[in-house]
Structures are given as structure tokens and as C-alpha cells.
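Data first, discussion second: the structure below is written as C-alpha cells.
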Amino acid sequence: QVQLVESGGGSVHTGGSLRLSCAASGFIFSTYTMGWYRQAPGKQRELVGLITSGGSTAFTDSVKGRFTISRDNAKNTVYLEMNSLKPEDTAVYYCHVTVDSGMDYWGKGTLVTVSS
């Protein structure tokens, strides 16, 4: 079955960096668009960015120029590189995929805390 496992979260100060990883299994990873979402306390989950099977990326405006997404199809892993972190980036970050059946799958999330 589809599994997504995030790792790499932690606590940093403003301006710091973190690299999140999402290890995927149970589907043909290389053929799917992978997304990163986040949910801050008291707020709705929002799309941070995504990477297509061809490697194209797109990001929400608030993280453009600071975050990058990459994928390693040999390792079935997608990465979220976060630089110049701000307190408003504090959230639980989730990995996401929608497979052919239309089913959405989510990881359990990894917490990122940015303190000023």
C-alpha cells in the first residue's frame, strides 16, 4: 500500500535552514507529482509546493525564493529544502500524492518550529 514517511523537522532560529525528506513506497514514484503541504496551529492545511514527474516545480508565493523541492527517483524520495526560515513557517509539514484512482495519500507529518 502507499506509504509516505516524512523526516527532517526540528527547531531552528529565524534565518536558519532545514531539509525535509519524504520516503515513498507502494506506487511507481517516478511517475507522480509529489506535493509538500503545511498546517500551522489554528490554520488550514496549505500547499507549499510541488514537483512533477518531469521535475518542474511550483511554490506558494510566501516561500518562493526560499524553498526548493527536488526528487531522487532512485531512492523514491522527495525533498523540501527550506532556507531563510521565518517564524511564520512554523507548522507541521506533510508529504502528499494523488494516485491514479484519485485517492489522496498523506504522511504523518514532521514538525518545523522557527523561533525569533
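Based on the mean of other Cβ atoms within 10 Å per residue, sort peptides 78-86, 51-59 so the most packed one is first.
Values: 78-86: 19.6, 51-59: 12.9.
Result, highest mean first: 78-86, 51-59.
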Inset, instruction - Hey, could you get me the Stokes-Einstein D for the chain, Kirkwood radius over alpha-carbon pairs, 37 °C and 0.692 mPa s, rounded to whole µm² s⁻¹? - result: 233 µm²/s
Legend entry - Protein-only accessible surface order, largest first, of Asp104, Asp61 at 1.4 Å: Asp61, Asp104
Inset, instruction - Could you go through region 96-104 in sequence order and give the Karplus-derived ³J(HN,Hα) for each residue, using 6.51 cos²θ - 1.76 cosθ + 1.60 with θ = phi - 60°, rounded to whole Hz, and x for Gly and Pro? - result: 9, 8, 10, 8, 4, 6, x, 6, 9
Legend entry - For region 4-34 and region 53-116, distance of Cα centres in Å: 6 Å
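The values are calculated or read from the model by the stated rules, or taken from the named source; none is laboratory data. This is a predicted model, so every value here is computed, not measured. Using ideal geometry, Cβ is built from the backbone for each residue, glycine included, and neighbour counts are taken over all protein chains shown. Areas reflect the complete protein model, heavy atoms only, side chains present, ligands, DNA and RNA absent. Shrake-Rupley method; radii C 1.70, N 1.55, O 1.52, S 1.80 Å.
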